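Here is the structure we will look at.
The values are calculated or read from the model by the stated rules, or taken from the named source; none is laboratory data. Just so it is clear, the model here is predicted, and its values are computed rather than measured. We place every Cβ from the backbone using ideal geometry, glycine too, and count neighbours over all the protein chains shown. Surface accessibility is based on the protein's heavy atoms, side chains included, excluding ligands, DNA and RNA. Shrake-Rupley method; radii C 1.70, N 1.55, O 1.52, S 1.80 Å.
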Amino acid sequence: MSKILVKIKQYSKRAALIASLSLAVFMGAFYLVNLDFSFLTGKTTQITGSIQKTQTDDELQKRIGSTEVGSIGFVDWARANNLTGANIYDADADGDGLANYLEYTHGTDPNNVDTDKDGFSDKQEIANGYDPDAPGDSKPMVNIQIEKIGVEAPMVWSLSNDEKNMLSELENGVSHFFKTAAPGQNGNAVISGHSSNYIWAKGNFNHIFKNLNDLEQGDTIIVRSMQKNGKIIVNRYAVGDKFVTVPDDERIFAETQNSSLTLSTCWPLGTNFKRLIVKAELMK
Ligand SMILES: [Ca+2]
Ligand SMILES: [Ca+2]
Ligand SMILES: [Ca+2]
């Protein structure tokens with residue numbers, strides 16, 4: 001091997017060593033500056049800081065009552081959306097009728113009247129139980145939980161008052177009466193569930209409300225709505241009245257100013273002569 005070739009080999013070895021050392025120093029510096037491995041894992045963080053807070057701050061809590069949302073904090077969200085001004089919670093930046101704090105709660109765009117661009121404003125969708133961040137007639141997935149009586153069931157949105165339809169819906173959970181208020185909205189949300197059924201009846205929810213009569217004033221009912229954008233809106237209701245009545249008692253569907261919940265089941269157990277009704281109010 002000529003002397004020149006040996007020298008070239010030595011140089012390239014040194015160059016490779018310098019290159020790897022520089023890369024190591026660069027990676028180290030990059031890590032120190034970013035303190036973040038997301039460039040390795042491919043994960044990106046949209047807004048640094050209080051990601052995935054489960055509790056909203058006190059000011060927001062006053063407005064949303066018992067509702068909880070898992071999300072970034074309101075302040076970070078407001079900053080990311082360029083919301084400024086004194087009345088930042090109650091202001092309505094895009095004029096769609098939905099105050100900023102409600103846009104935050106539902107994960108909608110506070111600077112856009114119609115987040116999912118389906119022709120219906122964010123406010124119209126929420127007031128009618130539709131998912132404001134999923135186009136068309138998509139509704140959030142809703143689940144009802146009443147720990148005291150062991151209830152944990154999906155809520156099926158009825159598309160009509162047809163009894164046959166409702167019976168088939170009750171195979172998949174509890175049933176939300178057509179055109180009654182959406183959970184969490186102002187008005188009366190009416191939900192029915194089986195207390196008993198024929199032993200050959202299909203489905204896993206044939207006795208879901210069999211212990212409804214054990215509920216007492218002040219007991220908690222939790223209704224969770226899950227939007228397509230991942231927002232889970234948790235509404236807590238406190239039990240008020242409870243009574244047994246005929247199926248067409250107008251008190252069952254009576255409208256309310258505030259957000260209320262009416263649970264209905266056939267009564268006495270094993271019959272469908274009467275209804276056991278439990279009324280609850282959204283906790284503030
Ligand atoms: Ca708005
Ligand atoms: Ca909006
Ligand atoms: Ca819309």
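Evaluate the stretch 116-127: report whether one residue or more is closer than 30 Å to Thr265 by Cα and buried (at least 20 other Cβ atoms within 10 Å of the Cβ). Within the stretch 116-127 (the criterion being closer than 30 Å to Thr265 by Cα and buried (at least 20 other Cβ atoms within 10 Å of the Cβ)), the answer is yes, since at least one residue qualifies. Reported count of residues in the stretch 143-160, each being among the hydroxyl-bearing types (Ser, Thr, Tyr) and either in contact with a Pro (Cβ under 6 Å, 6 or more places away or on another chain) or surrounded by 13 or more Cβ atoms within 10 Å (Cβ to Cβ) (or both), is 1. Here is the figure for the stretch 128-147: residues that are within 8 Å of ligand 3 (Cβ to nearest atom) and over 19 Å from Arg224 (Cα atoms) total 1. Quick check on my filter: what residues within the stretch 108-127 are within 9 Å of ligand 3 (Cβ to nearest atom) and in contact with a Ser or Thr (Cβ under 7 Å, 6 or more places away or on another chain)? Those that are within 9 Å of ligand 3 (Cβ to nearest atom) and in contact with a Ser or Thr (Cβ under 7 Å, 6 or more places away or on another chain): Thr108, Val113, Asp114, Thr115, Asp122. If only one of Asn204, Asn172 is under 25 Å from the mean Cα position of the chain (by Cα), of a type in the set (S, T, N, Q), closer than 13 Å to Asn143 by Cα and surrounded by fewer than 19 Cβ atoms within 10 Å (Cβ to Cβ), which one is it? Exactly one of Asn204, Asn172 is under 25 Å from the mean Cα position of the chain (by Cα), of a type in the set (S, T, N, Q), closer than 13 Å to Asn143 by Cα and surrounded by fewer than 19 Cβ atoms within 10 Å (Cβ to Cβ), namely Asn172.
In the condition set (1) in contact (Cβ under 8 Å) with a residue 60 or more places away in the chain; (2) crowded, with 21+ Cβ neighbours inside 10 Å; (3) not assigned by TED's automatic domain parsing to the domain that holds Phe273, Gly184 is compliant with all but (3).
Looking at the stretch 131-142, which of its residues are within 16 Å of ligand 1 (Cβ to nearest atom) and either open to solvent by less than 10 Å² (accessible area, probe 1.4 Å) or within 17 Å of Ser259 (Cα to Cα) (or both)? Scanning the stretch 131-142 gives a single hit, Pro132.
In the stretch 91-110, which residue that is in a loop (DSSP other than H, G, I, E, B) and near ligand 2 (Cβ under 6 Å from one of its atoms) is farthest from the chain's Cα centre (by Cα)? Out of the qualifying residues, it is Asp94. When the stretch 99-130 is examined, which residues are found to be among the charged types (D, E, K, R) and either more than 16 Å from ligand 1 (Cβ to nearest atom) or in contact with a strand residue (DSSP E or B) (Cβ under 7 Å, 6 or more places away or on another chain) (or both)? Residue satisfying the conditions is Asp118 alone.
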